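Worksheet: one structure, shown below.
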Amino acid sequence: MKLRFWQKTYLLTLTLFLLCLNLGIFALAFYTYRRSVRSAEEGCRSEQFYVMTAFRRDYDDLMAAGEGADPKLLMESYGAAYQKQGIGLNFYENGRSVYSTPGAESVYTDPGTLRHEREGGDRRVILSAEICDGRYVMVFTRSVADLDREFRSLMLTYLLTFAGVSLFLAICLYIVLKKLSTPLERLRKTTEAVAAGDNTVRAQVSGHDEFTQLAVSFNAMIGKINDQMEALRTEAEQKQRLVDDLAHELRTPLTSIYGYAEYLRRTPADEQDKIECAICIQSQAARLQKISEKLLDGAFIRNNEIQKVRVCLPDLLAETAADLQRIAEDRGIELIAPSAGPSGPDADAVEGDAVLLGMLFYNLTENAIKACDPGGRIVLSCGPGWAAVADTGKGMTPEQIAHVTEPFYRTDKSRSRAEGGAGLGLALCKTIVDAHGANLRFESEPGRGTKVRVEFTT
Amino acid sequence: MSKILIAEDEIPINNLVKKNLSLVGHDCKQAYDGLQAVEMAAEEPFDLLILDVMLPKLSGFEVIGRIENLPVIFLTARSNLADRIMGLKLGGDDYLTKPFEMQELLARVEAVLRRTQGVSRDFAFGEIRVDFSSRKVWRKGEEIPLKPKEFDLLECLIVNRNIALSRERLISLVWGFDFEGDSRTVDVHIGQLRQKLGLKDEIRTVYKTGYRLEIPGKQGGGRT
């Protein structure tokens, strides 16, 4: 049989309580009974004393009156007189019965003793004493039947009271326990709902007891679990999106490669056609290679601890600018960088991996060049713990900034593709910056230009 | 010969589609973003629009809402069913996902053009004239009797002219996928066509590939 906690509590409490109550009542009843018996015995004793005193006086008077007086007559008159009061008198002389009250005969009892005798439903108290200087033994019997009757009626009253109290207790205890266990029951239902997969339910919080604390803790736990599940889901979605995007990015060059190869194979292409096709295949293959390289770079940076050394930011920016100066000039873009090293070895230096930081500034500057039209200006600058690349290019909207470090996100799809971008440059920058525990901040205005700030925290 | 507008932002793919469509005798114009496609479609009449879904400026789905009375074949890297249904609901006549085979594109283009254009279909090249409606072929004005499968094969070669088709492809196009004969059946029928129509040079055997009907340049015309 499966019992709920409150049911168990109920049964146990009820049983225990009734047991105690029962014991208490019966102990009390027994005690009362004993006291009644004692007081009855006391009554008997005093009556016996009275009878004895009266009898001796009368006996002494009788003896003084004359020789021929018969004490038996005195006994008979006493027996008859006390019979009406429910008292039996038995007189013995040398162990021999001299007189007995009719209907209240009693066996000889040694003087000085008190005993009880039960005859049918009738209970008698028997007292024995020597009288007349030891000549006679008087056995005094008195019926105490009403004492037993009283006791029985008392017990009946007690039992009825007991039954009433038990019923009342059973009902009250049921209601109280049921009410007390309601929060637990609610919590149980809530956990069942959660176990069934509904993670929107919450336990009801009321009162200030342990159940309340349990409900609060339970809610906190569900909240935590939900948060973590949400985080996992978001992460899974991001991964899925990356995979989807990657599939798309791979599909496009693959379509070209496949298509041009098919064209070469199946059509009577002339020499010029063939060369054009080959160039396309080659450039698309290069694009695939670029994607795979950047993805691998990103994975490498994420999976390996970077080796930090002191890197002088002005030197690094000057190198970057030198690398890209020609490309910028070809497009008619002015590229300005801080001059290398005049401010001393320690000024504007940060802890970092020189190669990765070089890659970071190269990518950022390359992006800036791509964003600029001829006549544009790019300024590389740095200070203690920060470096920035600012351009006068086409800028970005806040919405674009929010997505710009996502892999394969392009603010201008056709332009980026035309320039052979893999759409991974800023994602890679973000990875490098994250690996350095630094921040990447974009300040941009469409049409005015963009400033990218790298802020080192160490 | 039909006028086809290609709207695709990936320049290599755009060029590739143009090259292939030009081979089978279509006249192609190129657009590289959604707005340009809408403008060009408004300027001159086209028979068909090949439309990439993920176009800059205006997406393919937006483009289709701004043009009227132009059959559209969607071209996209998105292959999920929801997009496909969306494309067809918006009035696309067909839907092709990247990467695709050019032959697949040509077949869809042919099917859409056949469905949307007039019934008068004939084709002439060299000494040959073909009427696809009455399924008759003339050489130098003289009618040449062809068996049904020979005619189907000829039609298939003309539709895919200048493009080499493998024997397996020809079998599936002419005889159907459940054909159980071997590829020599194709060789036999090709032999018959070469002999009956005098196309020994025009129907070329391409190394490791299959057969190709070569009709160079702008030669050959009519609606196919």
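What the table below lists for this structure:
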{"quantity": "Residue match in segment B:107-115 (condition: touching a residue at least 24 places away in the same chain (Cβ under 8 Å) and under 25 Å from A:Ala285 (Cα atoms))", "calculated": "no"}
{"quantity": "Any hit, segment A:248-267, residues being within 14 Å of chain B (Cβ to nearest Cβ), under 30 Å from A:Gly437 (Cβ atoms) and acidic (Asp, Glu)", "calculated": "yes"}
{"quantity": "Test result for B:Asp187, more than 14 Å from chain A (Cβ to nearest Cβ), within 21 Å of A:Pro268 (Cβ to Cβ) and free of Cβ contacts under 8 Å to residues at least 24 places away in the same chain", "calculated": "yes"}
{"quantity": "Matching option when the condition is of a type in the set (D, E, K, R), more than 19 Å from B:Thr97 (Cα to Cα) and over 37 Å from the mean Cα position of the chain (by Cα), among A:Lys224, A:Lys274", "calculated": "A:Lys274"}
{"quantity": "Only listed residue being within 14 Å of chain A (Cβ to nearest Cβ) and more than 18 Å from A:Thr267 (Cβ to Cβ), chosen from B:Glu142, B:Glu155, B:Glu150, B:Glu168", "calculated": "B:Glu168"}
{"quantity": "Residue that is within 13 Å of B:Leu5 (Cβ to Cβ), under 22 Å from the mean Cα position of the chain (by Cα) and modelled with pLDDT under 90, where the choices are B:Leu88, B:Leu70, B:Leu49", "calculated": "B:Leu70"}
{"quantity": "Filter pass, A:Ala193 being out of contact with any Cys (no Cβ under 6 Å at 6 or more places or on another chain) and more than 22 Å from A:Leu3 (Cα to Cα)", "calculated": "no"}
{"quantity": "Some residue of segment A:228-246 being within 14 Å of another protein chain (Cβ to nearest Cβ), surrounded by 14 or more Cβ atoms within 10 Å (Cβ to Cβ) and touching a residue at least 24 places away in the same chain (Cβ under 8 Å)", "calculated": "yes"}
{"quantity": "Residues (in contact (Cβ under 8 Å) with a residue 40 or more places away in the chain and in contact with a strand residue (DSSP E or B) (Cβ under 6 Å, 6 or more places away or on another chain)) located in segment B:16-54", "calculated": "B:Val17, B:Leu21, B:His26, B:Phe46, B:Asp47, B:Leu48, B:Leu49, B:Ile50, B:Leu51, B:Asp52"}
{"quantity": "Segment A:270-327 - residue that is touching a residue at least 60 places away in the same chain (Cβ under 8 Å), of a type outside the set (A, V, I, L, M) and within 14 Å of another protein chain (Cβ to nearest Cβ) and, of those, nearest to A:Asp245 (Cα to Cα)", "calculated": "A:Arg287"}
{"quantity": "Residue in segment B:104-126 that is under 16 Å from the mean Cα position of the chain (by Cα), closer than 19 Å to B:Ile190 by Cβ and away from chain A (no Cβ under 14 Å) present", "calculated": "yes"}
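The values are calculated or read from the model by the stated rules, or taken from the named source; none is laboratory data. Note that this is a predicted model, so its numbers are computed, not measured. Cβ atoms come from the backbone with ideal geometry, glycine included; neighbour counts cover every protein chain shown.
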